[in-house]
Amino acid sequence: MCQQKIDNMLENLLTTCGFNATEQRILLHLIEHKESIASLIAKKVGLKRTTVYAALDSLVQHGVVGKKKRGAVSYFSITSPTVFTKVVEEHARQQFEETKAATKLLEKELASKPSQLDLGAFQISSFESVEAVYVQLEDALLGGDFCSLFNPQVAVFGPFEDLIHTFLRQTAKTKPHIREILVAGPQADWYISHVDNPNHKIRLMPKDKKIVSDIILNKGSVILNHYDPKQESSIKITEKNLYTTMMTIFDELWKDPTLKKVR
């Protein structure tokens with residue numbers, strides 16, 4: 001095994017055990033050079049002497065580094081392999097226990113403070129094919145009462161006129177309560193002319209409004225449809241608070257006196 005790979009493994013081990021970057025550099029130096037003095041270690045690893053002295057004191061206290069005096073000079077070395085590995089193992093165990101305790105504390109804190117956003121409450125479906133988009137659209141339109149913000153100029157084209165016409169014929173029979181805000185224009189006129197349901201209420205907004213997506217509010221879900229012959233897409237989001245918010249916005253817009261009532 002190459003030396004670089006061994007050094008990387010040792011660094012990962014020492015990091016996992018909780019030794020900081022300074023301690024790691026000193027330990028790796030001593031593993032390689034067996035024994036050294038503080039001033040030489042500082043020079044070799046590129047650290048201040050005071051930093052190295054403090055780190056060495058900590059390592060000696062932990063038992064991974066030994067200290068011997070020869071005259072007035074202190075020499076430092078890794079303790080015996082057996083002692084060193086046992087100390088490192090104990091260090092790792094302590095780190096694990098501390099992490100485990102912190103995790104338990106975090107879990108307790110999270111449990112005592114309900115999240116402001118419960119991601120589990122969201123159910124999201126996304127479609128990007130023409131067929132899938134219109135299957136979801138048909139399910140929503142024939143799924144009972146709904147509200148919609150709709151631009152027929154963008155959505156009604158080609159063979160999908162038949163689908164929309166089929167939907168309008170169906171709702172004429174089942175008579176769900178429908179409120180729609182349409183962008184005025186030729187396709188809106190076509191759409192209105194095919195409505196045959198007394199419960200289907202329509203308001204028109206000026207044709208200069210740039211609404212590309214169809215927003216449908218149905219059975220607690222917010223459905224966003226983007227109509228483009230080249231790239232259709234649909235997203236259905238089921239979440240109580242989002243649905244309530246969107247319904248509130250729709251209700252306020254529905255009251256707008258500038259909207260023209262046509263049904």
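Length gained on full extension, Glu97 to Ala21, computed as 0.36 nm times the residue gap minus the Cα-Cα distance: 25.2 nm.
Full extension of the chain between Arg169 and Asp57 gives 31.7 nm of extra length, using 0.36 nm per residue less the Cα-Cα distance. Straight Cα distances below 18 angstrom link Lys104 to the lysines Lys113, with same-chain residues fewer than 8 positions distant left out.
Within the straight-line cut-off of under 20 Å between alpha carbons, the lysines reachable from Lys261 are Lys175, Lys201, Lys207, Lys209, Lys210, sequence neighbours fewer than 8 places apart in one chain being disregarded. Remark on Ile202: its backbone amide H falls under 5 Å from those of Glu180, Val262, Arg263, a criterion applied only to residues 5 or more positions apart or on other chains, H modelled at 1.01 Å from N.
Length available on full extension from Ile31 to Lys104: 0.36 nm per residue minus the Cα-Cα distance, which gives 22.7 nm.
Partners of Lys48 within straight-line reach, counting lysines whose Cα lies under 28 Å from its Cα and excluding those fewer than 8 residues away in the same chain: Lys5, Lys34, Lys67, Lys68, Lys69. Cβ crowding within 10 Å ranks Asp145, Asp214 as Asp145, Asp214, fewest other Cβ atoms first. Take the Cα of Lys210, step 7 Å toward its Cβ, do the same at Ser80, and the gap between the two points is 8.0 nm.
Read-outs: derived from the displayed coordinates by stated rules, not from any lab. Since this is a predicted model, take the numbers as computed values, not measurements. Heads up, the Cβs are rebuilt from the backbone with ideal geometry, glycines too, and the neighbour counts pull from every protein chain shown.
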